[in-house]
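Everything on this sheet refers to the single structure shown next.
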Amino acid sequence: MQVEERDELERMPSVRNTDAENGAPSGRRSRRWLMALVAFLIVAGVFISGIVPRVRARATLRAETNELAVPVVVVVQPKKSAPGQEIVLPANVQAFKDAPIYARTNGYLKRWYVDIGGHVKAGQLLADIDTPEVVQQLRQARADLSTAEANMRLSEITATRYQGLLKTDSVSQQDADNATSDLAAKKAIVQSMQANVRRLEDLQSFQQIYAPFDGIITARNTDIGQLIDSGSSGGPRAELFHIAAPGKLRVYVNVPQIYSQVAKPGLRADLVLSEFPGRRFEGKLVRNADAIDSATRTLLAEIEVDNPTGELLTGAYAEVHMKLAGNVSTFTIPVNTLLFRSEGLRVAAVKDGKANLIPVTLGRDFGSDVEVVTGLNGDERLVVNPPDSIVSGQPVRIAQANAPAPGGL
(Lines give C-alpha, C1' and ligand atoms only; values in the text may rest on other atoms or scores of the structure.)
Protein backbone atom coordinates (compact mmCIF):
# COMPACT_ATOMS: atom_id res chain seq x y z
CA MET A 1 0.00 0.00 0.00
CA GLN A 2 2.80 2.40 0.84
CA VAL A 3 4.46 1.50 -2.42
CA GLU A 4 1.32 2.33 -4.38
CA GLU A 5 0.88 5.68 -2.59
CA ARG A 6 4.50 6.57 -3.25
CA ASP A 7 4.06 5.76 -6.92
CA GLU A 8 1.04 7.99 -7.11
CA LEU A 9 2.87 10.84 -5.43
CA GLU A 10 5.72 10.51 -7.87
CA ARG A 11 3.36 10.64 -10.78
CA MET A 12 1.48 13.82 -9.62
CA PRO A 13 4.27 16.46 -10.12
CA SER A 14 4.84 15.24 -13.55
CA VAL A 15 1.23 15.73 -14.31
CA ARG A 16 1.28 19.31 -12.95
CA ASN A 17 4.36 20.19 -14.96
CA THR A 18 2.80 18.82 -18.08
CA ASP A 19 -0.34 20.91 -17.54
CA ALA A 20 1.75 24.02 -16.87
CA GLU A 21 3.83 23.42 -19.97
CA ASN A 22 0.73 22.85 -22.06
CA GLY A 23 -1.07 26.03 -20.71
CA ALA A 24 1.80 28.51 -20.97
CA PRO A 25 1.04 29.76 -24.48
CA SER A 26 -2.65 30.30 -23.64
CA GLY A 27 -1.78 32.47 -20.59
CA ARG A 28 0.54 34.65 -22.62
CA ARG A 29 -2.12 35.22 -25.24
CA SER A 30 -4.62 36.26 -22.52
CA ARG A 31 -2.16 38.75 -21.11
CA ARG A 32 -1.53 40.24 -24.53
CA TRP A 33 -5.25 40.66 -25.16
CA LEU A 34 -5.64 42.22 -21.77
CA MET A 35 -2.83 44.66 -22.41
CA ALA A 36 -4.25 45.55 -25.82
CA LEU A 37 -7.66 46.16 -24.31
CA VAL A 38 -6.15 48.39 -21.63
CA ALA A 39 -4.20 50.32 -24.27
CA PHE A 40 -7.31 50.70 -26.40
CA LEU A 41 -9.27 51.98 -23.43
CA ILE A 42 -6.51 54.45 -22.62
CA VAL A 43 -6.37 55.74 -26.20
CA ALA A 44 -10.16 55.91 -26.36
CA GLY A 45 -10.27 57.78 -23.06
CA VAL A 46 -7.66 60.26 -24.27
CA PHE A 47 -9.54 60.71 -27.56
CA ILE A 48 -12.87 61.11 -25.86
CA SER A 49 -11.45 63.47 -23.23
CA GLY A 50 -10.10 65.70 -26.02
CA ILE A 51 -13.04 65.62 -28.45
CA VAL A 52 -16.01 65.82 -26.11
CA PRO A 53 -15.02 69.21 -24.56
CA ARG A 54 -14.52 70.60 -28.04
CA VAL A 55 -17.92 69.37 -29.14
CA ARG A 56 -19.47 70.78 -26.03
CA ALA A 57 -17.61 74.08 -26.50
CA ARG A 58 -18.79 74.31 -30.08
CA ALA A 59 -22.35 73.59 -29.05
CA THR A 60 -22.13 76.17 -26.29
CA LEU A 61 -20.60 78.72 -28.67
CA ARG A 62 -23.31 78.05 -31.24
CA ALA A 63 -26.01 78.48 -28.62
CA GLU A 64 -24.43 81.67 -27.30
CA THR A 65 -24.03 83.03 -30.83
CA ASN A 66 -27.65 82.31 -31.65
CA GLU A 67 -28.69 83.91 -28.40
CA LEU A 68 -26.55 86.98 -28.92
CA ALA A 69 -27.81 87.32 -32.49
CA VAL A 70 -31.27 88.09 -31.07
CA PRO A 71 -31.20 91.80 -30.08
CA VAL A 72 -32.14 92.66 -26.53
CA VAL A 73 -34.56 95.58 -26.39
CA VAL A 74 -36.22 97.74 -23.78
CA VAL A 75 -39.95 98.31 -24.28
CA VAL A 76 -42.51 100.87 -23.11
CA GLN A 77 -46.26 101.07 -23.45
CA PRO A 78 -48.15 104.06 -24.90
CA LYS A 79 -49.83 106.34 -22.39
CA LYS A 80 -53.49 106.94 -23.07
CA SER A 81 -54.87 110.44 -22.71
CA ALA A 82 -58.28 111.15 -21.27
CA PRO A 83 -61.16 111.53 -23.77
CA GLY A 84 -62.08 114.92 -22.32
CA GLN A 85 -58.84 116.83 -22.38
CA GLU A 86 -57.27 120.22 -22.82
CA ILE A 87 -55.19 120.90 -25.87
CA VAL A 88 -52.80 123.83 -26.21
CA LEU A 89 -52.37 125.41 -29.63
CA PRO A 90 -50.45 128.46 -30.86
CA ALA A 91 -52.58 131.39 -31.96
CA ASN A 92 -52.39 134.92 -33.36
CA VAL A 93 -54.20 137.77 -31.63
CA GLN A 94 -55.87 140.37 -33.86
CA ALA A 95 -58.20 143.26 -33.24
CA PHE A 96 -61.85 142.69 -34.06
CA LYS A 97 -61.65 145.74 -36.35
CA ASP A 98 -58.35 146.32 -38.09
CA ALA A 99 -57.91 148.48 -41.19
CA PRO A 100 -55.22 150.31 -43.15
CA ILE A 101 -56.05 153.89 -44.16
CA TYR A 102 -55.12 155.10 -47.65
CA ALA A 103 -55.54 158.41 -49.45
CA ARG A 104 -58.24 158.75 -52.13
CA THR A 105 -56.73 161.82 -53.74
CA ASN A 106 -53.32 162.97 -54.99
CA GLY A 107 -51.32 165.75 -53.40
CA TYR A 108 -48.94 166.53 -50.57
CA LEU A 109 -49.47 165.89 -46.88
CA LYS A 110 -50.19 169.24 -45.31
CA ARG A 111 -50.60 168.23 -41.66
CA TRP A 112 -51.19 165.17 -39.49
CA TYR A 113 -52.90 165.28 -36.10
CA VAL A 114 -52.56 161.82 -34.48
CA ASP A 115 -49.45 159.72 -33.96
CA ILE A 116 -49.01 156.04 -33.09
CA GLY A 117 -50.74 154.96 -29.89
CA GLY A 118 -53.32 157.72 -30.18
CA HIS A 119 -56.91 156.84 -29.25
CA VAL A 120 -59.33 158.22 -31.81
CA LYS A 121 -63.08 158.37 -32.26
CA ALA A 122 -65.02 157.60 -35.41
CA GLY A 123 -64.95 160.66 -37.70
CA GLN A 124 -61.96 162.28 -36.00
CA LEU A 125 -59.63 164.18 -38.35
CA LEU A 126 -56.29 162.43 -38.83
CA ALA A 127 -54.54 164.46 -41.55
CA ASP A 128 -54.93 167.14 -44.24
CA ILE A 129 -53.74 166.76 -47.83
CA ASP A 130 -53.00 169.73 -50.06
CA THR A 131 -54.49 169.03 -53.52
CA PRO A 132 -54.01 172.07 -55.81
CA GLU A 133 -54.66 170.08 -58.96
CA VAL A 134 -58.01 168.88 -57.73
CA VAL A 135 -58.97 172.43 -56.76
CA GLN A 136 -58.19 173.66 -60.25
CA GLN A 137 -60.06 170.77 -61.85
CA LEU A 138 -63.09 171.58 -59.69
CA ARG A 139 -63.00 175.24 -60.75
CA GLN A 140 -62.79 174.21 -64.40
CA ALA A 141 -65.68 171.77 -63.98
CA ARG A 142 -67.85 174.44 -62.36
CA ALA A 143 -67.08 176.84 -65.20
CA ASP A 144 -67.97 174.19 -67.76
CA LEU A 145 -71.17 173.57 -65.86
CA SER A 146 -72.05 177.26 -66.02
CA THR A 147 -71.47 177.28 -69.78
CA ALA A 148 -73.61 174.16 -70.23
CA GLU A 149 -76.41 175.67 -68.13
CA ALA A 150 -76.32 178.86 -70.22
CA ASN A 151 -76.54 176.86 -73.43
CA MET A 152 -79.38 174.81 -71.96
CA ARG A 153 -81.34 177.97 -71.06
CA LEU A 154 -80.89 179.31 -74.58
CA SER A 155 -82.06 176.01 -76.06
CA GLU A 156 -85.03 176.05 -73.71
CA ILE A 157 -86.04 179.56 -74.86
CA THR A 158 -85.65 178.56 -78.52
CA ALA A 159 -87.68 175.37 -78.08
CA THR A 160 -90.47 177.29 -76.30
CA ARG A 161 -90.55 179.95 -78.98
CA TYR A 162 -90.69 177.37 -81.79
CA GLN A 163 -93.58 175.59 -80.11
CA GLY A 164 -95.53 178.87 -80.06
CA LEU A 165 -94.73 179.64 -83.69
CA LEU A 166 -95.68 176.12 -84.71
CA LYS A 167 -99.29 176.83 -83.66
CA THR A 168 -99.51 179.58 -86.30
CA ASP A 169 -97.55 177.59 -88.83
CA SER A 170 -94.82 180.22 -88.74
CA VAL A 171 -92.16 177.48 -88.52
CA SER A 172 -92.04 174.00 -89.85
CA GLN A 173 -92.54 170.94 -87.71
CA GLN A 174 -88.93 169.93 -88.44
CA ASP A 175 -87.54 173.16 -87.00
CA ALA A 176 -89.66 172.70 -83.86
CA ASP A 177 -88.45 169.13 -83.42
CA ASN A 178 -84.82 170.23 -83.88
CA ALA A 179 -85.21 172.85 -81.18
CA THR A 180 -86.79 170.32 -78.79
CA SER A 181 -84.02 167.76 -79.41
CA ASP A 182 -81.33 170.41 -78.92
CA LEU A 183 -82.87 171.27 -75.55
CA ALA A 184 -82.80 167.60 -74.48
CA ALA A 185 -79.13 167.31 -75.54
CA LYS A 186 -78.21 170.44 -73.60
CA LYS A 187 -79.96 169.09 -70.50
CA ALA A 188 -77.92 165.88 -70.77
CA ILE A 189 -74.72 167.90 -71.04
CA VAL A 190 -75.68 169.87 -67.93
CA GLN A 191 -76.35 166.63 -66.00
CA SER A 192 -72.97 165.28 -67.07
CA MET A 193 -71.25 168.47 -65.96
CA GLN A 194 -73.08 168.37 -62.64
CA ALA A 195 -71.93 164.78 -62.07
CA ASN A 196 -68.34 165.78 -62.85
CA VAL A 197 -68.54 168.66 -60.38
CA ARG A 198 -69.90 166.36 -57.67
CA ARG A 199 -67.12 163.86 -58.39
CA LEU A 200 -64.45 166.51 -57.98
CA GLU A 201 -66.16 167.87 -54.86
CA ASP A 202 -66.07 164.38 -53.37
CA LEU A 203 -62.46 164.05 -54.42
CA GLN A 204 -61.69 167.37 -52.80
CA SER A 205 -63.38 166.18 -49.63
CA PHE A 206 -60.74 163.44 -49.45
CA GLN A 207 -58.27 166.18 -48.57
CA GLN A 208 -59.25 165.41 -45.00
CA ILE A 209 -58.60 161.90 -43.69
CA TYR A 210 -60.93 160.75 -40.93
CA ALA A 211 -60.94 157.76 -38.60
CA PRO A 212 -63.47 155.15 -39.80
CA PHE A 213 -64.19 153.80 -36.29
CA ASP A 214 -63.14 154.12 -32.65
CA GLY A 215 -59.72 152.66 -32.13
CA ILE A 216 -55.98 153.13 -31.73
CA ILE A 217 -53.54 154.32 -34.38
CA THR A 218 -50.97 151.53 -34.57
CA ALA A 219 -48.91 152.92 -37.47
CA ARG A 220 -48.20 156.26 -39.15
CA ASN A 221 -46.34 155.88 -42.43
CA THR A 222 -46.32 159.46 -43.68
CA ASP A 223 -45.08 162.93 -42.74
CA ILE A 224 -45.55 166.56 -43.71
CA GLY A 225 -44.62 167.32 -47.30
CA GLN A 226 -44.70 163.72 -48.47
CA LEU A 227 -46.15 163.08 -51.91
CA ILE A 228 -49.47 161.28 -51.66
CA ASP A 229 -50.45 158.97 -54.52
CA SER A 230 -53.89 157.40 -54.40
CA GLY A 231 -52.94 154.89 -57.09
CA SER A 232 -55.35 156.31 -59.66
CA SER A 233 -52.45 157.42 -61.84
CA GLY A 234 -50.83 153.98 -61.83
CA GLY A 235 -48.35 154.63 -59.04
CA PRO A 236 -47.98 152.49 -55.91
CA ARG A 237 -50.42 153.12 -53.10
CA ALA A 238 -48.96 153.93 -49.70
CA GLU A 239 -50.67 153.21 -46.39
CA LEU A 240 -50.86 156.42 -44.39
CA PHE A 241 -52.22 155.14 -41.09
CA HIS A 242 -53.24 151.83 -39.54
CA ILE A 243 -56.06 151.71 -37.04
CA ALA A 244 -57.23 148.88 -34.78
CA ALA A 245 -60.11 148.53 -32.34
CA PRO A 246 -58.74 146.37 -29.46
CA GLY A 247 -61.91 146.37 -27.34
CA LYS A 248 -62.70 142.93 -28.70
CA LEU A 249 -60.12 140.55 -30.11
CA ARG A 250 -60.18 137.88 -32.80
CA VAL A 251 -57.88 134.96 -32.07
CA TYR A 252 -57.22 132.64 -34.99
CA VAL A 253 -56.04 129.11 -34.29
CA ASN A 254 -55.40 126.09 -36.52
CA VAL A 255 -57.04 123.04 -34.95
CA PRO A 256 -55.60 119.63 -35.98
CA GLN A 257 -57.93 117.50 -38.08
CA ILE A 258 -58.32 114.89 -35.32
CA TYR A 259 -60.08 117.53 -33.15
CA SER A 260 -62.10 119.16 -35.93
CA GLN A 261 -65.37 117.43 -34.99
CA VAL A 262 -65.32 118.76 -31.42
CA ALA A 263 -64.08 122.28 -32.23
CA LYS A 264 -67.57 123.69 -32.63
CA PRO A 265 -68.94 127.19 -31.93
CA GLY A 266 -69.59 127.73 -28.24
CA LEU A 267 -66.52 125.78 -27.09
CA ARG A 268 -64.64 127.49 -24.27
CA ALA A 269 -61.09 128.54 -25.08
CA ASP A 270 -58.80 130.38 -22.67
CA LEU A 271 -55.99 132.63 -23.80
CA VAL A 272 -52.57 132.50 -22.10
CA LEU A 273 -49.77 134.97 -22.81
CA SER A 274 -46.22 134.89 -21.53
CA GLU A 275 -46.37 138.51 -20.34
CA PHE A 276 -49.24 137.61 -17.98
CA PRO A 277 -47.94 134.57 -16.06
CA GLY A 278 -50.59 132.69 -14.13
CA ARG A 279 -53.48 134.50 -15.83
CA ARG A 280 -56.05 133.20 -18.26
CA PHE A 281 -58.29 135.33 -20.43
CA GLU A 282 -61.59 133.69 -21.14
CA GLY A 283 -62.70 133.35 -24.74
CA LYS A 284 -65.23 131.47 -26.79
CA LEU A 285 -64.99 129.77 -30.16
CA VAL A 286 -67.51 131.60 -32.36
CA ARG A 287 -66.93 130.18 -35.85
CA ASN A 288 -64.70 127.97 -37.94
CA ALA A 289 -63.88 127.65 -41.62
CA ASP A 290 -65.94 124.43 -41.88
CA ALA A 291 -63.23 123.05 -44.16
CA ILE A 292 -59.86 121.38 -43.66
CA ASP A 293 -56.84 123.16 -45.10
CA SER A 294 -55.28 120.67 -47.53
CA ALA A 295 -51.78 122.05 -46.92
CA THR A 296 -51.72 121.83 -43.11
CA ARG A 297 -54.62 119.40 -42.49
CA THR A 298 -56.01 121.78 -39.89
CA LEU A 299 -59.29 123.58 -39.28
CA LEU A 300 -59.13 127.37 -38.98
CA ALA A 301 -61.15 128.52 -35.97
CA GLU A 302 -61.91 132.00 -34.64
CA ILE A 303 -62.11 132.78 -30.93
CA GLU A 304 -63.51 135.99 -29.50
CA VAL A 305 -61.95 137.49 -26.38
CA ASP A 306 -63.23 140.62 -24.65
CA ASN A 307 -60.51 143.19 -23.98
CA PRO A 308 -62.27 146.21 -22.45
CA THR A 309 -59.15 147.63 -20.80
CA GLY A 310 -56.94 147.08 -23.83
CA GLU A 311 -54.26 145.27 -21.85
CA LEU A 312 -54.02 142.56 -24.49
CA LEU A 313 -52.11 143.90 -27.48
CA THR A 314 -53.07 143.12 -31.04
CA GLY A 315 -50.63 141.10 -33.09
CA ALA A 316 -49.41 139.21 -30.01
CA TYR A 317 -48.55 135.51 -29.91
CA ALA A 318 -50.64 133.49 -27.49
CA GLU A 319 -51.48 129.94 -26.48
CA VAL A 320 -55.09 128.81 -26.66
CA HIS A 321 -56.19 126.23 -24.09
CA MET A 322 -59.22 124.46 -25.50
CA LYS A 323 -61.37 122.19 -23.38
CA LEU A 324 -62.41 119.25 -25.53
CA ALA A 325 -65.33 117.28 -24.15
CA GLY A 326 -65.68 114.81 -27.02
CA ASN A 327 -64.59 111.20 -27.33
CA VAL A 328 -61.25 111.95 -28.94
CA SER A 329 -58.62 109.77 -27.26
CA THR A 330 -54.96 109.75 -28.21
CA PHE A 331 -51.71 108.23 -26.97
CA THR A 332 -48.36 109.72 -26.05
CA ILE A 333 -45.08 107.89 -26.66
CA PRO A 334 -41.40 108.81 -26.16
CA VAL A 335 -39.75 110.36 -29.18
CA ASN A 336 -36.96 107.76 -29.06
CA THR A 337 -39.43 105.05 -30.11
CA LEU A 338 -39.94 106.57 -33.56
CA LEU A 339 -38.42 105.17 -36.74
CA PHE A 340 -38.04 107.46 -39.73
CA ARG A 341 -38.31 105.33 -42.85
CA SER A 342 -38.67 106.20 -46.52
CA GLU A 343 -42.18 104.73 -46.51
CA GLY A 344 -43.21 106.91 -43.56
CA LEU A 345 -43.08 107.17 -39.79
CA ARG A 346 -43.04 103.85 -37.92
CA VAL A 347 -42.76 102.39 -34.41
CA ALA A 348 -41.46 98.90 -33.59
CA ALA A 349 -43.77 96.80 -31.39
CA VAL A 350 -42.83 93.44 -29.84
CA LYS A 351 -45.35 90.62 -30.14
CA ASP A 352 -44.68 86.90 -29.60
CA GLY A 353 -40.94 87.55 -29.48
CA LYS A 354 -40.87 89.26 -32.88
CA ALA A 355 -40.73 92.87 -34.01
CA ASN A 356 -43.60 94.41 -35.94
CA LEU A 357 -43.32 97.84 -37.60
CA ILE A 358 -46.50 99.91 -37.23
CA PRO A 359 -47.23 103.12 -39.18
CA VAL A 360 -48.38 106.00 -36.98
CA THR A 361 -49.67 109.55 -37.40
CA LEU A 362 -48.39 112.17 -35.00
CA GLY A 363 -50.29 115.02 -33.39
CA ARG A 364 -48.73 117.49 -31.00
CA ASP A 365 -45.07 117.58 -29.99
CA PHE A 366 -44.46 117.74 -26.22
CA GLY A 367 -40.67 117.73 -26.41
CA SER A 368 -39.55 114.37 -25.03
CA ASP A 369 -42.94 112.86 -25.88
CA VAL A 370 -45.17 113.09 -28.94
CA GLU A 371 -48.87 112.54 -29.45
CA VAL A 372 -50.02 109.69 -31.69
CA VAL A 373 -53.48 110.18 -33.13
CA THR A 374 -53.72 107.06 -35.31
CA GLY A 375 -51.99 103.68 -35.52
CA LEU A 376 -51.92 102.46 -31.90
CA ASN A 377 -54.39 100.56 -29.72
CA GLY A 378 -52.61 101.18 -26.44
CA ASP A 379 -51.61 97.58 -25.63
CA GLU A 380 -48.46 97.55 -27.77
CA ARG A 381 -44.97 97.16 -26.31
CA LEU A 382 -42.83 99.64 -28.18
CA VAL A 383 -39.07 99.28 -28.61
CA VAL A 384 -37.02 102.11 -27.16
CA ASN A 385 -34.16 103.30 -29.42
CA PRO A 386 -34.90 100.70 -32.12
CA PRO A 387 -31.94 99.95 -34.42
CA ASP A 388 -32.19 101.20 -37.97
CA SER A 389 -31.79 97.65 -39.28
CA ILE A 390 -34.84 96.29 -37.50
CA VAL A 391 -37.52 94.78 -39.75
CA SER A 392 -40.92 93.19 -39.26
CA GLY A 393 -40.71 89.56 -38.18
CA GLN A 394 -37.21 89.87 -36.71
CA PRO A 395 -36.78 87.94 -33.40
CA VAL A 396 -36.10 90.15 -30.41
CA ARG A 397 -35.69 89.56 -26.70
CA ILE A 398 -37.07 91.91 -24.07
CA ALA A 399 -34.52 92.94 -21.46
CA GLN A 400 -35.19 92.21 -17.82
CA ALA A 401 -36.26 95.15 -15.74
CA ASN A 402 -33.24 94.86 -13.40
CA ALA A 403 -30.67 94.09 -16.10
CA PRO A 404 -29.32 96.76 -18.45
CA ALA A 405 -29.72 95.97 -22.14
CA PRO A 406 -26.65 95.75 -24.39
CA GLY A 407 -25.62 98.95 -26.03
CA GLY A 408 -26.91 101.11 -23.19
CA LEU A 409 -30.56 100.68 -24.16
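The values are calculated or read from the model by the stated rules, or taken from the named source; none is laboratory data. These numbers come from a predicted model, not from an experiment. In this analysis, Cβ positions are derived from the backbone assuming ideal geometry, glycine residues included, and neighbour counts consider all displayed protein chains. Note: accessible area is taken over every heavy atom of the protein model, side chains too, but ligands, DNA and RNA are not part of it. Shrake-Rupley method; radii C 1.70, N 1.55, O 1.52, S 1.80 Å.
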Length added when fully stretched, A185-S172, from 0.36 nm per residue minus Cα-Cα
2.6 nm
Partner lysines whose C-alpha sits under 27 Å from that of K167, ignoring same-chain residues fewer than 8 away, are K186, K187
Over the C-alpha atoms of region 255-409, what are the Rg and the largest Cα-to-Cα span, Dmax, in Å?
20.7, 65
At 0.36 nm per residue, minus the direct Cα-Cα distance, what do N151 and Y102 gain on full extension? Give it in nm, one decimal, please.
13.6 nm
For A238, project a label point 7 Å along Cα to C-beta. Then give me every residue of region 108-142 with its amide nitrogen under 11 Å of that point.
108-109
Can you work out the Karplus-derived ³J(HN,Hα) for every residue in region 201-217? Use 6.51 cos²θ - 1.76 cosθ + 1.60 with θ = phi - 60°, whole Hz, and x for glycine or proline.
5, 5, 5, 5, 5, 6, 4, 9, 9, 10, 6, x, 7, 5, x, 10, 6
Obtain the nm distance between the two label points defined at R32 and S205 by a simple spin-label model: each point lies 7 Å from its Cα along the Cα-to-C-beta direction.
14.6 nm
How many percent of the alpha carbon pairs in region 115-216 exceed a separation of 16 Å?
69 percent
For region 107-124, in order, what is each residue's ³J(HN,Hα) by Karplus, 6.51 cos²θ - 1.76 cosθ + 1.60 with θ = phi - 60°, in whole Hz (x at glycine and Pro)?
x, 10, 5, 8, 6, 10, 10, 10, 9, 4, x, x, 8, 10, 9, 4, x, 6
At 0.36 nm per residue, minus the direct Cα-Cα distance, what do A195 and R397 gain on full extension? Give it in nm, one decimal, please.
63.7 nm
In order over region 246-263: 3J(HN,Hα) from phi, Karplus 6.51/-1.76/1.60, θ = phi - 60°, whole Hz, x for each Gly or Pro, gives x, x, 9, 10, 9, 10, 9, 9, 9, 8, x, 4, 4, 9, 5, 6, 9, 8
Residues with amide H under 5 Å of V171's amide H, sequence separation 5 or more or different chain, H placed in the peptide plane at 1.01 Å from N; which?
L166
Which residues qualify? For V373, with a placed amide H closer than 5 Å and at least 5 residues away or on another chain, they are T361, L362, G363
Among K79/K354; K97/K264; K121/K284; K80/K354; K323/K354, the pairs whose Cα-Cα distance exceeds 32 Å are K323/K354
Counting heavy atoms of the protein chains only and a 1.4 Å probe, report the per residue accessible area for region 135-287 as a whole number of Å².
58 Å²
Along the Cα-to-C-beta direction of R111, a point sits 7 Å from the Cα; which residues of region 205-220 have their amide N less than 13 Å from that point?
208-209
For T330, what residues show an amide H to amide H distance below 5 Å, using hydrogens built from the backbone and excluding near sequence neighbours?
S81
For V384 and V43, extending 7 Å from Cα along the Cα-Cβ vector and measuring point to point gives, in nm, a value of 6.1 nm
Label-point separation (nm) for N254 and F340, each offset 7 Å from Cα along Cα-to-Cβ?
1.9 nm
